[in-house]
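This is the structure, below, for whatever I ask next.
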Amino acid sequence: MEFKQLSNFVVLAEELNFRRAAARLNISQPPLSRQLAALERELGVRLLNRDHRRRQASLTPDGQLFLVEARRILRDMDRLARMAKLRGSPRLQGTIRLGFVGSFARRSLPRLLKASRRRNPALSFELSELNSGQQLNALRRGSLDVAIIRGPLGCPGIDSQTLYEEDLILALPADLKVPRRSAPKAQALAGYTYVQFSPSIEPAVFHQTEARAREAKLPLEPLRLVDRTSALMALVGAGIGVSLIPQALSNEDHPGVMYRPVAGSTRSAICVAWQSDRIDPGITAFLRTAMEHAKELAPAALF
């Protein structure tokens, strides 16, 4: 019994007309009749009753049962062929232009790329470390496919999903006398400049840290705005300022800087974002991987 015999029988059983079945299969009627006769001899049963004058046919009871099994066999063969094809070659190919904030790079980004490689080994990436404002502009221009960004976002034409939230912590000069795991009292920070990211660079971080600082009754004046983590940490390490930062920024060693918890409940969200009308299978697969591994990407509790 051959695959072609089964598939041709199914077509004939659906049409119940030799002329129409032959036309659908793009063959002449005599070979179709011979294939059916050979199949019946091999099985030892009659599958179709023929009306040669009208070129019509009807399924016998054996033919009805065989049709059910033939369809099942064809479905199974098709499924096996697709599985073999997927195993024999990568499922997705292409390049994703991925942007990310610096705080995501050290710990979370390698984990996400490794998970994506396991799932879709032929999917490659062009990586760009950019602040959130730059990534939003790049998404709008179409020069990025996916952005790992500080949220929440409210931008027309940009869709986003929160991967995880992390705590906000205090970055303090290392020589400040503060208990190791205790939130400092607000008066202990009097006289220091409050250093923060510019709202044009990291708008979500600016508003989140401002809310958390007010919750904790921290002194917010005088205020110094910066556009880079290195500048923020330099001011803190020099004993000039204090800052509220997302916890992930504490993963790197900054001379003269120590970290402490702070009172309050406001947290910082890391989101994955993409342009609403520029989705494709590769981007969809990457977004699914990111959401499935979101818990693994979040930084461990520091305090």
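Looking at this structure, is E202 of a type in the set (D, E, K, R), touching a residue at least 24 places away in the same chain (Cβ under 8 Å) and out of contact with any strand residue (DSSP E or B) (no Cβ under 6 Å at 6 or more places or on another chain)?
Working: of a type in the set (D, E, K, R): yes; touching a residue at least 24 places away in the same chain (Cβ under 8 Å): yes; out of contact with any strand residue (DSSP E or B) (no Cβ under 6 Å at 6 or more places or on another chain): no.
In short, no.
Considering every residue within the stretch 180-192, establish whether at least one is in contact with a helix residue (DSSP H, G or I) (Cβ under 8 Å, 6 or more places away or on another chain) and either modelled with pLDDT under 90 or not in a strand (DSSP E or B) (or both). Write out each step before concluding.
Quick first cut of the stretch 180-192, residues in contact with a helix residue (DSSP H, G or I) (Cβ under 8 Å, 6 or more places away or on another chain) only: none.
No: the stretch 180-192 contains no residue that is in contact with a helix residue (DSSP H, G or I) (Cβ under 8 Å, 6 or more places away or on another chain) and either modelled with pLDDT under 90 or not in a strand (DSSP E or B) (or both).
Looking only at residues in the stretch 156-178 that are assigned to a loop (DSSP other than H, G, I, E, B) and in contact (Cβ under 8 Å) with a residue 12 or more places away in the chain, which one is nearest to L297 (Cα to Cα)?
Taking the stretch 156-178 as the starting set, the residues that turn out to be assigned to a loop (DSSP other than H, G, I, E, B) are 156-157, 174-178.
Okay, now just the ones that are also in contact (Cβ under 8 Å) with a residue 12 or more places away in the chain, so 157, 174-176, 178.
Working: G157: 26, A174: 28, D175: 32, L176: 32, V178: 30 Å.
For the stretch 156-178, the residue satisfying everything is G157.
Moving to a separate point now. Search the stretch 289-300 for residues that are touching a residue at least 12 places away in the same chain (Cβ under 8 Å) and pair each with any residue that is of a type in the set (F, W, Y) when their beta-carbon atoms are under 9 Å apart and the residues are at least 6 apart or on different chains.
Short answer, once both residue conditions are applied: A294/Y164; K295/Y164; L297/F104; L297/Y164; A298/Y164; P299/Y164.
Pick out the one residue from L176, L139, L170 that is surrounded by 15 or more Cβ atoms within 10 Å (Cβ to Cβ), outside the structural domain of V205 (by TED's automatic domain parsing) and either among the aliphatic types (A, V, I, L, M) or touching a His at 6+ places or on another chain (Cβ under 6 Å) (or both).
On the way: L176 fails: outside the structural domain of V205 (by TED's automatic domain parsing); L170 fails: outside the structural domain of V205 (by TED's automatic domain parsing).
Just a single option satisfies the conditions, and that option is L139.
List the residue pairs whose Cβ atoms are under 9 Å apart, where the first residue sits in the stretch 211-240 and is on the phi > 0 side of the Ramachandran plot, the second is crowded, with 18+ Cβ neighbours inside 10 Å and among the hydroxyl-bearing types (S, T, Y), and the two are 6 or more positions apart or on different chains.
G239/Y192
Which condition breaks for R106 when tested against (1) surrounded by fewer than 18 Cβ atoms within 10 Å (Cβ to Cβ); (2) out of contact with any Asp or Glu (no Cβ under 8 Å at 6 or more places or on another chain)?
It fails just one condition, (2).
Select from the stretch 56-70 the residues that are touching a strand residue (DSSP E or B) at 6+ places or on another chain (Cβ under 7 Å) and surrounded by 15 or more Cβ atoms within 10 Å (Cβ to Cβ) and write down the one among them that is modelled with the lowest pLDDT.
Checking each candidate, the answer is Q56.
The rows are residues; the columns are (1) without any contact (Cβ under 8 Å) to a residue 12 or more places away in the chain; (2) in contact with a Gly (Cβ under 8 Å, 6 or more places away or on another chain); (3) in the same structural domain as E69 (by TED's automatic domain parsing).
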site: V11; (1), (2), (3): no, no, yes
site: L16; (1), (2), (3): no, no, yes
site: A21; (1), (2), (3): no, no, yes
site: N26; (1), (2), (3): yes, no, yes
site: P30; (1), (2), (3): yes, no, yes
site: Q35; (1), (2), (3): no, no, yes
site: A38; (1), (2), (3): no, no, yes
site: R41; (1), (2), (3): yes, no, yes
site: L47; (1), (2), (3): no, yes, yes
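The values are calculated or read from the model by the stated rules, or taken from the named source; none is laboratory data. Keep in mind that this is a model prediction, so the values were computed, not measured. Methodologically, a virtual Cβ is constructed for each residue, glycine included, from the backbone with ideal geometry; neighbour enumeration extends over all protein chains shown.
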